[in-house]
Every structure is written in C-alpha cells, then in structure tokens.
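Read-outs: derived from the displayed coordinates by stated rules, not from any lab. What you are looking at is a predicted structure, and each value in this text was computed from that prediction instead of being measured. All Cβ positions, glycine included, derive from the backbone under ideal geometry; neighbour counts span all protein chains shown.
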Amino acid sequence: MISIIIASIDQRFLDDVTTNIAETIGVEFEIIGIANGDGKMGICEVYNKGLAKAKYNILCFMHEDLLIKTENWGPIVADIFKTNPEFGLIGIAGGQYKSMAPSSWYCYEQEAPELLNYNLIQRYKYIDKSTSREFANPTDHKLVEVATVDGVWFCCTRSAANSYTFNQELLKGFHGYDVDFSLGIGQSFKVGVTFDILIEHFSEGYTDRNWLQEILKVHAKWGASLPINIAELPKAKMTLLEKRGFRSVIDRMKAEEFTFGQVQSMLFQSRKSRIMTMALFLKLYLHLLKVFLKKGR
C-alpha cells in the first residue's frame, strides 16, 4: 500500500529504520533503499530511480536517520489522502509562505513564526544542543495547507508524483529538492503538514555554500511564481519579509564569496516576481552596493 524510498549512505541506518518501519507502519509496504554512500548520485536522481521501482500508489520519501514514533502511521497517511483528495503531498514540517527571497521552506530571517508548522523530535549532530521536541501549530489544525514541506519525511500520491518528478537535471546535489518538489506538486495539488505523525530525527539540517547554490537554482526557476502566500498575508507584511530576506541573502552571498555579478544576477532575476516593485528593487540594489563597497571592496 505504501512504497518507501530511501537514499541510503549507511547500511546500519537503513537496517534500523527498516525495522522501525515494519514495527510501526501498520499496512502493507515495500522499502526501496538505494545505496548512495559514495554520493555519486544527487538525491533527485536517487528518488526518481526509487519512484520508477515503486509498486504502490502512496509514495513515502524519507531520510534514513529517523525513528517513527507513531504507531499505525500507514493508515493515517492513507486516510489523509482518501478524505482530502485535493492534497497530493504531505510532510511533518512546512511553511505557509514561500518567499521570493532565496530560502528553504523555513526562512529564518523572516521572523514570522505564525507561518511555520512542524512537529518532530530533533536530535543534534553538528552543534552541542540537547534533544528537543519541536512543535508549532498556529492554527491548531491536524492538517494544515502550506507552500512547501521539509524533505526529512514526506508522502505523496502516485497521481501527484506523475504530475511532477524530481528535477535531477537541475538539482544534482542534496539540497533544494524538497522546495522544488513542493512547488511543482503545488501546481496541481495542495501541499500540507500533518500533526498526526511524530518522528524523531537524529541530525539537524545545515546550510552551506552548496545548499545556497542549489536554492538559487530553484528560485531562478520558480521566480515568476513566487511568493506563494497560503497565509494570505497583506502586501505590506510580504514586502517587509521580502526586504529582510533579500538583505540577508545578499549578506550571506557576500560572506560565501559569491561575486558581485552573481549576487546582482540573483537580484535581477527576482524582478520576474509580481511583488518586486521598482521601489523595493532599488532599496535592495542600494544594499547590494553598500555591502560590496564596504571597506573599499
């Protein structure tokens, strides 16, 4: 009933999560684990290979360093899609606003927690921090429509996957696939976050220069469609969030040693968006000049 596709870098992790799935899923399933410890395939290519092998009509894509805590989560997923046929993709974390400013599903710089929805237990691998329960459900609904979901765990229907596959020609690494897939599926179906499934994640995500490069590709592709405003924010709020987001991206690209031309290109591409007014663009371009001219550089 559910095909589970996993990009595996460690057979021990795959064995552990396979046991966990068997003990908790509660429905007929198959696991398609694709070894990629050498990293020769990008995650989009891995997921497309798994998708081609899958035999069931509900597809689950997940990391292997997970522990699913919810018993009988398979029937829960099946029931969500059965009773909400307008939804094609669900995850356990997502945002109701996908900014025009380059970001993941969670734009930390937006300072708008009311737009974020997530439910998971998070362990930390890269920083010294205790395991924590991460939960945000501003609307207090069990299923919340969002613009994009996080790639740690998500499920989709076969019909949704047929409408948009993972873009392995554009994204050849391990980042940006969840944002791109969400936006693609969102052209024909609703995207959501479910609060009925709890998962423990053994490592936090991180954003390096490779991440930013992939995110920039996604935004160059979808620029004319952004922002996605599920929360129906007023234009003034959207403009404020975008201004903060773009300033942060410009600062980060400078810190990551992108050239002036590359940052300028990113900013010019954003003019495709319906919300990028000339006034906002000029303010952001002035910030760009200030950042690159600072201290004579």
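Remarks
- A simple packing score, the average count of other Cβ atoms within 10 Å per residue, orders the peptides 242-250, 207-215 as 242-250, 207-215, with the highest score first.
- Sorted peptide list for 82-90, 8-16, 184-192, criterion being average Cβ within 10 angstrom, highest first: 184-192, 82-90, 8-16
- Value in Å of the Kirkwood radius, where the chain supplies the Cα pairs that are averaged: 19.9 Å
- Over region 2-125: Kirkwood hydrodynamic radius from C-alpha pairwise inverse distances, Å: 16.3 Å
- Summing charges over neighbours of Ile2, with a neighbour being any other residue whose Cβ is under 9 Å away from its Cβ, gives -2 when K and R count +1 and D and E count -1.
- Close Lys pairs in region 234-297 (alpha-carbon distance under 13 Å; sequence gap of 8 or more, or different chains): 4.
- Distance from the Cα centroid of region 208-239 to that of region 184-206 is 18 Å (rounded to whole angstrom).
- In terms of its alpha-carbon gyration tensor, region 234-297 comes out prolate; a/c meets the 1.5 threshold, and the first ratio a/b outweighs b/c.
- Net charge of neighbours whose Cβ lies under 11 Å from the Cβ of Ala93, counting Lys and Arg as +1 and Asp and Glu as -1: -3
- Ellipticity estimate at 222 nm from DSSP helix runs (n ≥ 4, -39,500 (n - 2.57)) divided over the chain, nearest 500: -12000 deg cm²/dmol
- Rounded Å value of the spacing that divides the Cα centres of region 44-86 and region 257-297: 40 Å
- Derived from the Cα gyration tensor, the three semi-axes of the equivalent ellipsoid of region 143-192 are 17, 13, 9 Å, largest first.
- Region 130-249: C-alpha gyration tensor shape, a/c 1.5 cut-off, then a/b vs b/c: rounded
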